[in-house]
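Written below as structure tokens is the structure these notes are about.
The values are calculated or read from the model by the stated rules, or taken from the named source; none is laboratory data. Bear in mind that the values here come from a model prediction, so they are computed numbers and not experimental data. Cβ atoms come from the backbone with ideal geometry, glycine included; neighbour counts cover every protein chain shown.
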Amino acid sequence: MNDDIAAALKLEELRLSQWLIEAGVQRDVDLKVLHSNLAARGLFNSGGRYVQEVEVLFTSVEKVVDKAINHRKALGKNVPSLLLAENLKDFGSQLNRLIEGGVSGHRSTTLQADNPSADMALMRIVEQKTLTLRAKVGRCP
């Protein structure tokens with residue numbers, strides 16, 4: 001690996017870490033606002049809460065994925081070998097792990113043991129959104 005690729009990958013790693021931290025902070029703020037609004041309306045324990053939490057989660061993950069893809073494209077203008085198939089494969093794997101990590105942490109907190117039908121419906125939403133994000137990663141850059 002030449003020095004340009006190594007430097008670009010290190011920069012990409014640093015930026016991704018930064019974006020993940022920022023996204024986590026924003027996601028927590030968004031969830032607190034959501035919970036507060038739902039509680040004020042007496043809807044905190046409603047099924048809609050869980051769907052909206054999934055939306056907040058996926059919005060957060062998608063923003064990081066979009067930033068990472070755009071950053072890779074920009075880096076690829078200066079270091080074209082980053083856009084080679086083997087490097088894109090590694091990049092895609094990294095983004096898919098990020099997606100799965102964000103989703104798996106949320107799965108355990110939203111399932112309602114007392115309502116298996118709601119759990120199944122929620123998991124279908126999560127799976128569909130996961131597939132959509134993975135498809136986006138598969139098309140990059």
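Some points to look at:
- Members of the range 45-59 found to be under 24 Å from the mean Cα position of the chain (by Cα) and not small (G, A, S), listed by number: R49, Y50, V51, Q52, E53, V54, E55, V56, L57, F58, T59
- So E22, is it charged (D, E, K, R) and closer than 23 Å to I125 by Cα: no
- Unique match (being at pLDDT below 95, closer than 20 Å to G102 by Cα and small (G, A, S)) among S60, S46: S60
- Residue ID - farthest from E100 (Cα to Cα), chosen from residues in the range 63-75 that are within 12 Å of the chain's Cα centre (by Cα) and of a type in the set (K, R): K67
- Flag if G48 is of a type outside the set (V, I, T) and over 28 Å from Q128 (Cβ atoms): no
- Pick from the range 109-141, criterion aliphatic (A, V, I, L, M), over 14 Å from the mean Cα position of the chain (by Cα) and modelled with pLDDT of 75 or more, ranking: surrounded by the fewest Cβ atoms within 10 Å (Cβ to Cβ): M120
- Where K77 falls short, out of the listed (1) free of Cβ contacts under 8 Å to residues at least 24 places away in the same chain; (2) surrounded by 12 or more Cβ atoms within 10 Å (Cβ to Cβ); (3) basic (K, R): (2)
- The condition of being in a helix (DSSP H, G or I), free of Cβ contacts under 8 Å to residues at least 12 places away in the same chain and either among the basic types (K, R) or closer than 27 Å to M123 by Cα (or both) holds for only one of V51, V33, that being V33.
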